[in-house]
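The structure appears right after this line, and notes come after that.
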Amino acid sequence: MKPTDHSNISLLKEIAELLNEETEMQPMLLGALRKFLEGTNFETGWIFFVNGRGRHEMIAHVNLPRALEQNNCQFLSKGGCWCISKYRNQELLKASNIIECQRIENATTACIGDCAGITHHATVPLQSGQERFGLLNVASPNTVRFSDDELALLESVAFQMGSAIKRILLTKQEQEMALVQERNRLARDLHDSVNQLLFSVTLTSRAGIEMSEQPDIKETFKEVQNLTQEALTEMRALIWQLRPKGLESGLMEAIKGYAEMLGLQLKVKVSGVLQLPSRIEETLFRLTQEALNNVRKHAGVKEAEIFITITQTDVLLVIKDEGRGFQVDSLVKLPSIGLQSMRDRTNALGGTVDWVSNLGKGTEILIRLPY
């Protein structure tokens, strides 16, 4: 039975309240999509996010039939479709009936499960003002076309979702800015206090070496000077990690500057154009920092190589040294917090990290990040 206008207004209010309550993207979209399907004749739905390069990712789905849900929704996630094509070409401006969906046809042809009568779907862009985020698709069994009223309701829900997505993105941006400001404050405090104290200890120990006549006392002051200098290097590396100096001038300049600060000679080779999103750029810098720290601390060499390859969908980062190397048992935890941190950072962005290392033959770290 077709919902009345009154019930539609009530449904939209409930969805609006749900969207305003959630602060995390995926639970918000799942809850709103589920509420929408419960209150309408639509049976199933799925949401794509589409980035600036036209790459799409399924972010949420509800009540998909078995054939479309198989293998992490492989048929819906891959292949061509009118909705994605029109969206990429900025030709999809409102809720529309999809005459043909290659993805659904592929799932039907594969005969891997029941499509539950789903052959066509409706689609609507998710946006806030001029900023676009992706697509909301809905379908019903044995339905080829949806009415103008149903499409109008779909547009209303898409508008609410787009506004909520924008709100969450703005909130996250504010949180990230606050985090950057806190990092900068902490970096300044470390530089102005601990860093200066360590520098003073270095000068004092140097004076002690020159003033003392006894060899054992001279040796003690030398040891203090060496330890303090090591602590200074560690402190400067920590300050760099908190506030990446030089990143505003580009990723490669920041990496080269960090290597120079550590006293490492670095060979760099870049293939492709380095025009990456800021989040990817900072993650690459943090990963390289960690790798170069490991070279300085554990490899026993002063040279390293970095290779960066940029494709249309991924960036590949390789950090290589010819130092001591190490051995890792795949059944036990990683040998350092640094390597685990690198794995956590790459996993957070949907990337991968691997390493090849043998005792006496050096280490090669391979990182791949989608963007």
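The values are calculated or read from the model by the stated rules, or taken from the named source; none is laboratory data. As the structure is a prediction and not an experimental result, all values here were calculated from the model. Cβ placement follows ideal geometry from the backbone for every residue including glycine, while neighbour counts extend to all protein chains displayed. Accessible surface areas use protein heavy atoms only, side chains included; no ligands, DNA or RNA. Shrake-Rupley method; radii C 1.70, N 1.55, O 1.52, S 1.80 Å.
With a ≥ b ≥ c taken as the square roots of the eigenvalues of the C-alpha gyration tensor of the range 175-324, please select rounded if a/c is under 1.5 and otherwise prolate if a/b is larger than b/c or oblate if it is not?
Taking the square roots of the gyration eigenvalues as a ≥ b ≥ c, the range 175-324 is oblate.
Taking the Cβ-Cβ separation of Q229 and R183 as r and a Förster radius of 25 Å, what is the calculated FRET efficiency to the nearest 0.05?
Step by step, r from the Cβ atoms, then E = 0.50.
Going Cα to Cα from K78, which aspartates and glutamates come in below 13 Å? Please leave out same-chain ones fewer than 8 positions away.
Here the aspartates and glutamates satisfying the reach criterion relative to K78 are E57, E69, E105.
If you take the charge dipole of the chain about its Cα centre, with +1 on Lys and Arg Cβ and -1 on Asp and Glu Cβ, which of L316, A187, P141 is farthest toward its positive end?
L316
Starting from the residue with the highest accessible area, list I47, I9 in decreasing order, probe 1.4 Å.
Solvent-accessible surface, decreasing: I9, I47.
Might you report the magnitude of the Cβ-based charge dipole of the range 1-113 about its Cα centre, with Lys and Arg at +1 and Asp and Glu at -1, to the nearest 20 debye?
420 debye
What aspartates and glutamates sit close enough to K361 to cross-link, taking a C-alpha to C-alpha distance under 13 Å and skipping anything fewer than 8 places away on the same chain?
Cross-link targets: D321, E322.
Under the rule a/c < 1.5 gives rounded, and otherwise a/b versus b/c splits prolate from oblate, where does the range 255-371 land using the Cα gyration tensor?
oblate
Given the options E223, E176, E281, state which has the largest fluctuation in a GNM of the chain using a 10 Å cut-off (strictly under) for Cα springs.
Largest GNM mean-square fluctuation: E223.
Classify the range 21-88: rounded, prolate or oblate, from the alpha-carbon gyration tensor (a ≥ b ≥ c, eigenvalue square roots; a/c under 1.5 rounded; otherwise prolate if a/b is larger than b/c)?
Note, shape of the range 21-88 comes out oblate.
What's the carbon and sulfur percent of the chain's accessible surface, probe 1.4 angstrom, rounded to a whole number?
Percent of accessible area from carbon and sulfur atoms in the chain: 50.
Set the Förster distance to 30 Å, then compute FRET efficiency between S147 and L170 from the Cβ-Cβ distance, nearest 0.05.
It comes to 0.30.
Could you check the simple spin-label distance between V268 and Q70, using points 7 Å along Cα→Cβ, in nm with one decimal?
4.8 nm
If the only charges are +1 at each Lys and Arg Cβ and -1 at each Asp and Glu Cβ, what is the size of the charge dipole of the chain around the Cα centre, to the nearest 20 debye?
So the dipole magnitude of the chain works out to roughly 620 debye.
Toward the positive end of the charge dipole of the chain, about the Cα centre and with charges on Cβ (Lys, Arg +1; Asp, Glu -1), which of I15, Y371, G39 goes farthest?
Value computed over the given set: Y371.
What size of dipole, in debye to the nearest 20, comes out for the range 5-59 about its Cα centre when the only charges are +1 on Lys and Arg C-beta atoms and -1 on Asp and Glu C-beta atoms?
Here the size comes out at about 280 debye.
Extension gain N97-F159, at 0.36 nm per residue separation less the Cα-Cα distance, in nm?
Length difference between fully extended and current span is 20.6 nm.
Do the alpha carbons of any pairs in K218/K256; K13/K94; K35/K166; K94/K166; K256/K297 sit beyond 25 Å of each other, and which pairs?
K218/K256
For L366 and M261 in one chain, what is 0.36 nm times their gap in residues minus the Cα-Cα distance, to one decimal in nm?
35.5 nm
Contour minus end-to-end for I9 and R53, with contour as 0.36 nm per residue of separation and end-to-end as the Cα-Cα distance?
Extra length from I9 to R53 when fully extended: 12.2 nm.
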